[in-house]
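Worksheet: one structure, shown below.
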Amino acid sequence: MKKGIALLGAVLLLATGVRAVEVSAPSALLMEKETGTVLFAKDEHAVLEPASVTKVMTLLLTMEAVDSGQLSYDTMITASAHACSMGGSQIWLKENEQLSVSDMMKAVCVVSANDCAVALAEAVAGSEDAFVERMNARAAELGMQDTVFKNATGLPAAGHVTSAHDIALMSRELILHHSDIRQYTTIWMDTLRGGESQLVNTNRLVRFYEGATGLKTGSTDSARYCLSATAEREGMELIAVIMKGATSAQRFEDAQTLLNYGFASYALRKIVPEQALPPIPVELGAQATVQPVLGEGSTLLLEKAKAGNLIQSVTLEGSVPAPVALGDRLGTLTVSSGQEMVAEIPLLAGEEVPRVTYGQMLLRLLRTACLSG
């Protein structure tokens, strides 16, 4: 019951800040990466065109292919006629030209190259159509209920839509589990083809905003100006999504407004027990004790005013009967700020302890008898 009250209080605490700041874009969202907490939302489920912010999903699936070993950064990709026909933002790939996965990812992240996005899609799935199927399947897995992808680029296509909420979900998945993407998304200026092709990032926050880590811009006449902007300060990374901004400058201003609000108002705290947790006796266990460990929820997102002086208290069972399963609840670590409880983190069994067998019990009795004799 107490845990439910504490959780409700935390939700209400954060909910008070969801609209504590304003932006001009009709749809926007601010999310903290580690916990996935939404700190600001404005018509975040409005179904809109994402333009090249679509490529967050293209990059996610490419990074998953790299991490699984299907591709490597050094894998050479041969540009197809289809990839070279994309138009829009591109690096002007020629049919049968070869570039590495790394160079193509750099081109996608820095200058939003449509030709390279399709070439990567074909390398991952065999064709862009097959890749789009994977995009939609992955979107469903992530809970992106407002999203339908029609291509790997974000070029205008009937029914190709998503929302600020869904962009935040896929952006979080990318930066939370594939931090290597930063080697590309933090580039301001670079070159390809031995210096022949100059690249300048379409995301000006990379140069002008402290702590910027990416992520992806997008614009078309119908989508207007979109952005998924990520930045990290003091160990906390935020995702600001702007949809249908009126101008390019306005989307960056809106994103900075949200990021500034998040960094000024919230802090991330990783809770570690102040003292070693003592082992708990196990009655009739195959071993005498079980070691408690910290369960999920040890990373707390708190208002800055409440994050500075946290107090911990631990309650543990005096003993537990065997058998003990891995993950069984053994106690609670309570975190408070002043007189306010801000979190209750479960303390769980870090190992299994089976019930002692008849044979083991007999051996114990014999050892005891020998020692006493």
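The values are calculated or read from the model by the stated rules, or taken from the named source; none is laboratory data. Because the structure is predicted, anything quoted here is derived from the model rather than measured. Because the Cβ atoms are built from the backbone with ideal geometry, glycine has one as well, and the counts that use them run over all protein chains shown. Please note that ligands, DNA and RNA were not included when accessible areas were found on the heavy atoms of the full protein model with its side chains. Shrake-Rupley method; radii C 1.70, N 1.55, O 1.52, S 1.80 Å.
Taking V110, V124, V282 in turn, the Gaussian network model of the chain (Cα-Cα springs below 10 Å) assigns the largest fluctuation to V282.
Using C-alpha pairs under 8 Å with a sequence gap of at least 6, the mean separation divided by the residue count of segment 118-197 gives a relative contact order of 19 percent. If the reach is capped at under 30 angstrom between alpha carbons, list the lysines near K33, excluding any in the same chain fewer than eight residues apart. In chain and number order, the partners are K2, K3, K42, K55, K106, K150, K216, K244, K270, K304, K306. Working from label points 7 Å from Cα in the Cα-to-Cβ sense, the R367 to N260 distance is 6.7 nm. Label point of Q291 set 7 angstrom out along Cα-Cβ; within segment 329-357, amide nitrogens under 11 Å from it belong to 350-351. Judged by the ratio a/c of the largest to the smallest principal axis of the C-alpha gyration tensor, the chain counts as prolate, that ratio being 1.5 or greater while a/b is larger than b/c. When you filter the GluC sites (Glu not before Pro) in segment 178-241 for DSSP loop state and at most 12 other Cβ atoms inside 10 Å of their Cβ, you are left with E196, E210, E234. 3J(HN,Hα) couplings calculated from phi for segment 83-91 with the Karplus curve 6.51 cos²θ - 1.76 cosθ + 1.60 (θ = phi - 60°) are, in sequence order, 4, 6, 8, 5, x, x, 5, 6, 10 Hz; Gly and Pro show x. Every helix of 4 or more DSSP H residues in the chain counts as -39500 (n - 2.57), and over all residues that averages to -10500 deg cm²/dmol at 222 nm. Mind telling me which of G262, G195, G297 comes out most flexible in a GNM of the chain, alpha-carbon contacts under 10 Å? Maximum among the listed residues: G195. Apolar share of the accessible surface for the chain: 53 percent from carbon plus sulfur atoms, 1.4 Å probe.
Between Y225, G154, L120, the Cα set farthest toward the positive side of the dipole of the chain (charges on each charged residue's Cβ, about the Cα centre) is that of Y225.
For segment 180-272, the square roots a ≥ b ≥ c of the C-alpha gyration tensor eigenvalues yield an a/c of 1.5 or more together with a/b not exceeding b/c, which makes the shape oblate. GNM remark for the chain: springs join alpha carbons under 10 Å apart, and the peak mean-square fluctuation among S248, S179, S219 falls on S179. Using C-alpha pairs under 8 Å with a sequence gap of at least 6, the mean separation divided by the residue count of the chain gives a relative contact order of 16 percent. Scoring 27-34, 185-192 by mean Cβ neighbours within 10 Å over their residues and listing the highest first yields 27-34, 185-192. In this structure the chain gives 45 Å² per residue of accessible area when probed at 1.4 Å with all protein chains present.
A full extension of the chain between S248 and E274 corresponds to an added length of 4.6 nm, given 0.36 nm per residue minus the alpha carbon distance. Long hydrophobic helices in the chain, taken as whole DSSP H segments with a C-alpha length of 24 Å or more on their own axis and mean Kyte-Doolittle hydropathy at least -1.0: 248-265. Full extension of the chain between T220 and N309 gives 27.3 nm of extra length, using 0.36 nm per residue less the Cα-Cα distance.
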